[in-house]
Amino acid sequence: MLGLEKKDFRLLLIVIGLTLFAPIILNPFPAGSEMAQFNAGYPDLMQRFVIFGIFAIGFNILFGLTGYLSFGHAAFLGVGSYSAVWMFKLLSMNVLPAIVLSVIIAGLFSLVIGYISLRRSGIYFSILTLAFAQMSFALAYSVLTPITGGETGLQLALDDPRILGAAQTASGNIPVPALFGLEMRASYEMTVGAWAFTFNVGYYLAALILVLSFYMAIRIFRSPFGLMLRAIKSNQTRMSYTGLNARPYTLAAFVISGMYAGLAGGLMASMDPLAGAERMQWTASGEVVLMTILGGAGTLIGPVLGAGMIKYFENIFSKINSQVLHEWFGFLPDGLENFVVTIIYPFVGKGWHLTLGIVFMLVVIFLPGGLVQGGQKIAAALRRKKTDDANPGATKPAE
Amino acid sequence: MGILEVKGINKRFGGLQALGDVNLSVEENTVHAIIGPNGAGKSTLLNVLVGKLIPDSGSVMFDGQSVLGRKPHEINQMGISRVFQTPEIFTDLTVFENVMIPCFAKRDGAFRMHAVESIFAEKGIRAQAEEMLADVNMLEKRDMVTSSLSRGDKRRLEMAMCLVQDPKLLLLDEPTAGMARADTENTIALLKEIRTKRGITMAIIEHDMNVVFSLAERITVLAQGTPLVEDIPENIKGHPKVREAYLGEAQV
């Protein structure tokens, strides 16, 4: 199907299903209930899930396949965002040209950085990419202020040219990003009993692009090119003595992953038309590394899962404050309640990084293959159990 | 004119003359062994041949073209494949993938951006790899990850990866070093089989005299960076100069 093996096609279908029904799946608790704060099905967060999913899918093509660990991929994301916002300022509020431009500019940018950084491998490569990203961040923050907006970030203004669209709306406001008139922020609310689901245009555009990105990633993984990338990770000596030039392969992988990052950046700006330098900071580069490793580097679905998990922690787990904890443990006697809350408090709310750190450590130590490996282990255990259950029945007649 | 012509190669490492005026000619369709005591410059010579080291002077011509200054992958594309002392294979991939990679390298050259074609749809390459694996009796191990192979199988696989490219010259760097007796015998048998079946030109660098005399059709003895004698095996065995070079090891 679509040039995919059966197993990969099934995976693609799962991703399509998940993204299609995400507004419902992520809102399992009735609105207004105590658990409603764990609902992640609101447009802003869902957009972030898929956008960072795209970012991580692209990063995985470089890191997961070739083993080259880039610590500067946020730079491409930032460049993508700036390009998209400039497109909104100069051309029109249509997201399509903005996204296309962000991919192209990020691709060119990664070609230059990749060409230089790939002269080294291992830790030196990582440091070079980190240096480039920090330089880009510093430039965007200071010297390049006319292009990047410096500290305040790049924002839309009423006097922007927007040659193919209106500079401002009839009521004198800044227009919003749209796809041929379909506004990104437009949502349709659906209420089923006590549950409320929001279907957002921006989310579905991003989700469609995620599915396409995922499909392309599968094709790359299963192509001769993908095989060569895995060969690079495995043994570069044999690679060159087999008559293959590793450099252009790694550079191509670097540029492809840079373009994915630019795509994510462009989408981010399309959902919320502003871009700031902090998107290029090393913490943002580190985040995508965490996402990929947490989910499972080198696996297809892993990076998407990792991105979802980290963004869920960041946005939902961080909302549990001491008041919420006191409500939860209100049934306990006063002294005990305070004690339990004091113990748990550092791990939730603002301390969500701590919990994420522990989860990350556990995954790296016990599941080096990430969440995907965890899933495989569980599946294998279940299958074993099933055959164990089935076998006694099968052997009984022989007794 | 041999397929590989080495003329007047010199290589110094600081004060050490690793290779001094080395001349060597490997004829097409022969097995040429290069032997010599430790430190004779065998490995240095091999590294010059594959483009890993650049000599201070001299020329290396392969099939009418100079190999000096070319990168290892370019030299491979000219038709020289190399087997390493410890097998160099793609350890995280399956046996079948390992053999497919050289097939792609042979067909598509050093780089090709074939990112959307599926490896499952590459019928020609798959057939070629399968045939090769059947040839070295490894077809039933095709889906094994190579890190779990035995040492003998790793050697066999590496050989298959080189042979599937149908090289004009196969370089072997001490193919039996550190092997148990039985493995050594197996490797000799495998090489003999390759030799008779495919008629491939080979240059072997070897320490083990047993291996050398059961395979080589021509032998060059290297000592202190210079070729001492070059002759057929029968004449090498009792050669006084060779005995002298090997001194204590002179049970040749």
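Can you pull out every residue in the range A:299-320 that is more than 22 Å from A:MET35 (Cα to Cα), open to solvent by 10 Å² or more (accessible area, probe 1.4 Å) and in a helix (DSSP H, G or I)? Give the steps one after another, and end with the answer.
Taking the range A:299-320 first, the residues more than 22 Å from A:MET35 (Cα to Cα) are A:299-307.
If we keep only those that are open to solvent by 10 Å² or more (accessible area, probe 1.4 Å) as well, we get A:299-301, A:304-305.
Matches in the range A:299-320: A:VAL304, A:LEU305.
Condition (residue is open to solvent by 30 Å² or more (accessible area, probe 1.4 Å), without any contact (Cβ under 8 Å) to a residue 40 or more places away in the chain and among the aromatic types (Phe, Trp, Tyr)) applied to the range A:7-28: is it met by at least one residue?
There is at least one residue in the range A:7-28 that is open to solvent by 30 Å² or more (accessible area, probe 1.4 Å), without any contact (Cβ under 8 Å) to a residue 40 or more places away in the chain and among the aromatic types (Phe, Trp, Tyr).
With A:PHE55, A:PHE63, A:PHE125, A:PHE59 as the choices, which residue is more than 17 Å from A:MET280 (Cα to Cα) and open to solvent by less than 10 Å² (accessible area, probe 1.4 Å)? Outline the logic, then answer.
Working: A:PHE55 fails: more than 17 Å from A:MET280 (Cα to Cα); A:PHE63 fails: open to solvent by less than 10 Å² (accessible area, probe 1.4 Å); A:PHE59 fails: more than 17 Å from A:MET280 (Cα to Cα).
A:PHE125 is the lone residue from the list that is more than 17 Å from A:MET280 (Cα to Cα) and open to solvent by less than 10 Å² (accessible area, probe 1.4 Å).
Just to be sure before I move on: is B:LEU169 aliphatic (A, V, I, L, M), closer than 23 Å to B:GLY79 by Cα and either out of contact with any Pro (no Cβ under 7 Å at 6 or more places or on another chain) or not assigned by TED's automatic domain parsing to the domain that holds B:LEU45 (or both) in the structure I sent? If you could, list the steps in order and put the result at the bottom.
Values: aliphatic (A, V, I, L, M): yes; closer than 23 Å to B:GLY79 by Cα: yes; either out of contact with any Pro (no Cβ under 7 Å at 6 or more places or on another chain) or not assigned by TED's automatic domain parsing to the domain that holds B:LEU45 (or both): yes.
Yes, satisfied.
Among the residues of the range A:128-157 satisfying the criterion of being open to solvent by less than 50 Å² (accessible area, probe 1.4 Å) and among the β-branched types (Val, Ile, Thr), which is modelled with the lowest pLDDT?
A:THR148
Tell me whether the range B:195-202 contains one or more residues that are closer than 22 Å to B:PHE96 by Cβ and either open to solvent by 60 Å² or more (accessible area, probe 1.4 Å) or not small (Gly, Ala, Ser) (or both).
So in the range B:195-202, the residues closer than 22 Å to B:PHE96 by Cβ come out as B:197-198.
Adding the requirement that they be either open to solvent by 60 Å² or more (accessible area, probe 1.4 Å) or not small (Gly, Ala, Ser) (or both) leaves B:197-198.
Yes; the residues of the range B:195-202 include at least one that is closer than 22 Å to B:PHE96 by Cβ and either open to solvent by 60 Å² or more (accessible area, probe 1.4 Å) or not small (Gly, Ala, Ser) (or both).
Checking the condition among the aliphatic types (A, V, I, L, M) and away from chain B (no Cβ under 14 Å), which residue from A:LEU251, A:LEU267 passes? Explain how you work it out, then say what you get.
On the way: A:LEU251 fails: away from chain B (no Cβ under 14 Å).
Every option except A:LEU267 fails the conditions.
Residues to consider are A:ILE220, A:ILE232; find the one that is under 16 Å from A:ILE57 (Cα atoms), among the hydrophobic types (A, V, I, L, M, F, W, C), open to solvent by less than 20 Å² (accessible area, probe 1.4 Å) and at the interface with chain B (Cβ under 10 Å from one of its Cβ atoms).
Working: A:ILE232 fails: under 16 Å from A:ILE57 (Cα atoms).
That would be A:ILE220, the only listed residue that is under 16 Å from A:ILE57 (Cα atoms), among the hydrophobic types (A, V, I, L, M, F, W, C), open to solvent by less than 20 Å² (accessible area, probe 1.4 Å) and at the interface with chain B (Cβ under 10 Å from one of its Cβ atoms).
Starting from residues that are of a type in the set (A, V, I, L, M, F, W, C) and within 16 Å of A:PHE221 (Cβ to Cβ), keep the ones in the range A:52-79 and report whichever is farthest from the chain's Cα centre (by Cα). Spell out how you get there, then give the answer.
Kept after step one, since they are of a type in the set (A, V, I, L, M, F, W, C), are these residues of the range A:52-79: A:52, A:54-57, A:59, A:61-63, A:65, A:69, A:71, A:74-77, A:79.
Within this subset, residues satisfying the condition of being within 16 Å of A:PHE221 (Cβ to Cβ) are A:54, A:56-57, A:59, A:61-63, A:65.
On the way: A:ILE54: 5, A:ALA56: 5, A:ILE57: 7, A:PHE59: 9, A:ILE61: 13, A:LEU62: 15, A:PHE63: 14, A:LEU65: 17 Å.
Applying the filter and picking the extreme gives A:LEU65.
Scan the range B:1-27 residue by residue and report those that are assigned to a strand (DSSP E or B) and at positive phi. Give the steps one after another, and end with the answer.
Initially, the range B:1-27 is screened for residues assigned to a strand (DSSP E or B), giving B:4-13, B:16-26.
Across the range B:1-27, the qualifying residues are B:GLY8, B:ASP21.
Within the range B:148-159, how many residues are open to solvent by 10 Å² or more (accessible area, probe 1.4 Å) and touching a helix residue (DSSP H, G or I) at 6+ places or on another chain (Cβ under 8 Å)?
Restricting attention to the range B:148-159, the residues satisfying the condition of being open to solvent by 10 Å² or more (accessible area, probe 1.4 Å) are B:148-154, B:156.
Keeping just the survivors that are touching a helix residue (DSSP H, G or I) at 6+ places or on another chain (Cβ under 8 Å) gives B:149, B:151-154, B:156.
Count: 6.
Report every pair of residues separated by at least 6 positions or lying on different chains whose Cβ atoms are under 8 Å apart, first residue within the range A:118-138 and farther than 14 Å from A:ALA75 by Cβ, second assigned to a helix (DSSP H, G or I) and open to solvent by less than 60 Å² (accessible area, probe 1.4 Å).
Going by the 8 Å Cβ cut-off, the qualifying pairs are A:LEU118/A:PHE125; A:LEU118/A:THR250; A:LEU118/A:LEU251; A:LEU118/A:PHE254; A:ARG120/A:LEU128; A:PHE125/A:SER117.
If you scan the range B:160-172, which residues turn out to be touching a helix residue (DSSP H, G or I) at 6+ places or on another chain (Cβ under 6 Å) and either surrounded by fewer than 22 Cβ atoms within 10 Å (Cβ to Cβ) or assigned to a loop (DSSP other than H, G, I, E, B) (or both)?
Within the range B:160-172, B:VAL164, B:GLN165 qualify.
Of the residues A:PRO368, A:PRO397, which is of a type outside the set (Val, Ile, Thr), closer than 13 Å to A:LEU294 by Cβ and modelled with pLDDT under 90?
Numbers: A:PRO397 fails: closer than 13 Å to A:LEU294 by Cβ.
Testing whether each residue is of a type outside the set (Val, Ile, Thr), closer than 13 Å to A:LEU294 by Cβ and modelled with pLDDT under 90 leaves just A:PRO368.
Within the range A:272-298, track down each residue that is surrounded by 24 or more Cβ atoms within 10 Å (Cβ to Cβ), within 20 Å of A:ALA206 (Cβ to Cβ) and among the aliphatic types (A, V, I, L, M).
Correct list: A:ALA275, A:VAL288, A:MET291.
Please tell me if A:THR242 is of a type in the set (Ser, Thr, Tyr), farther than 30 Å from A:LEU45 by Cβ and more than 8 Å from chain B (Cβ to nearest Cβ).
Working: of a type in the set (Ser, Thr, Tyr): yes; farther than 30 Å from A:LEU45 by Cβ: yes; more than 8 Å from chain B (Cβ to nearest Cβ): no.
Here the answer is no, as A:THR242 does not meet what is asked.
Out of A:GLY72, A:GLY41, A:GLY32, report the one residue that is outside any helix (DSSP H, G or I) and at positive phi.
On the way: A:GLY72 fails: at positive phi; A:GLY41 fails: at positive phi.
Sole residue among the options that is outside any helix (DSSP H, G or I) and at positive phi: A:GLY32.
Can you find a residue that is in contact with a Pro (Cβ under 6 Å, 6 or more places away or on another chain), touching a residue at least 12 places away in the same chain (Cβ under 8 Å) and away from chain B (no Cβ under 14 Å) anywhere in the range A:200-210?
First, pick out the residues of the range A:200-210 that are in contact with a Pro (Cβ under 6 Å, 6 or more places away or on another chain): A:200, A:203.
From what is left, the residues that are touching a residue at least 12 places away in the same chain (Cβ under 8 Å) are A:200, A:203.
Keeping just the survivors that are away from chain B (no Cβ under 14 Å) gives A:200, A:203.
For the range A:200-210, residues in contact with a Pro (Cβ under 6 Å, 6 or more places away or on another chain), touching a residue at least 12 places away in the same chain (Cβ under 8 Å) and away from chain B (no Cβ under 14 Å): present.
For the range B:203-223, which residues satisfy the criterion of being open to solvent by less than 10 Å² (accessible area, probe 1.4 Å) and in contact (Cβ under 8 Å) with a residue 60 or more places away in the chain? Spell out the reasoning first.
Filtering the range B:203-223 for residues open to solvent by less than 10 Å² (accessible area, probe 1.4 Å) gives B:203-206, B:211-212, B:219-222.
Passing the criteria: B:ALA203, B:ILE204, B:ILE205, B:GLU206, B:VAL212, B:ILE219, B:THR220, B:VAL221, B:LEU222.
Which of the following residues is at pLDDT 85 or above, outside any helix (DSSP H, G or I), under 30 Å from A:SER234 (Cβ atoms) and not assigned by TED's automatic domain parsing to the domain that holds B:MET100: B:ILE219, B:ILE194, B:ILE204, B:ILE188? Quick ask: steps written out before the conclusion?
On the way: B:ILE219 fails: under 30 Å from A:SER234 (Cβ atoms); B:ILE194 fails: outside any helix (DSSP H, G or I); B:ILE188 fails: outside any helix (DSSP H, G or I).
Unique residue meeting the criteria: B:ILE204.
Here is a yes/no grid of residues against (1) open to solvent by 20 Å² or more (accessible area, probe 1.4 Å); (2) over 30 Å from B:ASP92 (Cβ atoms); (3) free of Cβ contacts under 8 Å to residues at least 60 places away in the same chain; (4) within 14 Å of chain B (Cβ to nearest Cβ):
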site	(1), (2), (3), (4)
A:ASP160	no, yes, no, no
A:SER171	yes, yes, yes, no
A:ALA196	yes, yes, no, no
A:THR237	yes, no, yes, yes
A:VAL255	yes, no, no, yes
A:ALA261	no, no, no, no
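Can you name the helices (runs of 4 or more DSSP H) wholly within the range A:185-282 that have at least 2 residues being within 17 Å of the chain's Cα centre (by Cα)?
On the way: elements: A:201-221, A:224-234, A:236-241, A:246-271.
Qualifying helices (runs of 4 or more DSSP H): A:201-221, A:246-271.
Need the failing condition index for A:HIS73 against (1) surrounded by fewer than 24 Cβ atoms within 10 Å (Cβ to Cβ); (2) closer than 26 Å to A:PHE317 by Cβ, just the number.
Going through the list (1) surrounded by fewer than 24 Cβ atoms within 10 Å (Cβ to Cβ); (2) closer than 26 Å to A:PHE317 by Cβ, A:HIS73 breaks only (1).
The values are calculated or read from the model by the stated rules, or taken from the named source; none is laboratory data. Predicted model only: the values in this text are computed from it and were never measured. Methodologically, a virtual Cβ is constructed for each residue, glycine included, from the backbone with ideal geometry; neighbour enumeration extends over all protein chains shown. These accessible areas exclude ligands, DNA and RNA; they are computed on the full protein's heavy atoms, side chains included. Shrake-Rupley method; radii C 1.70, N 1.55, O 1.52, S 1.80 Å.
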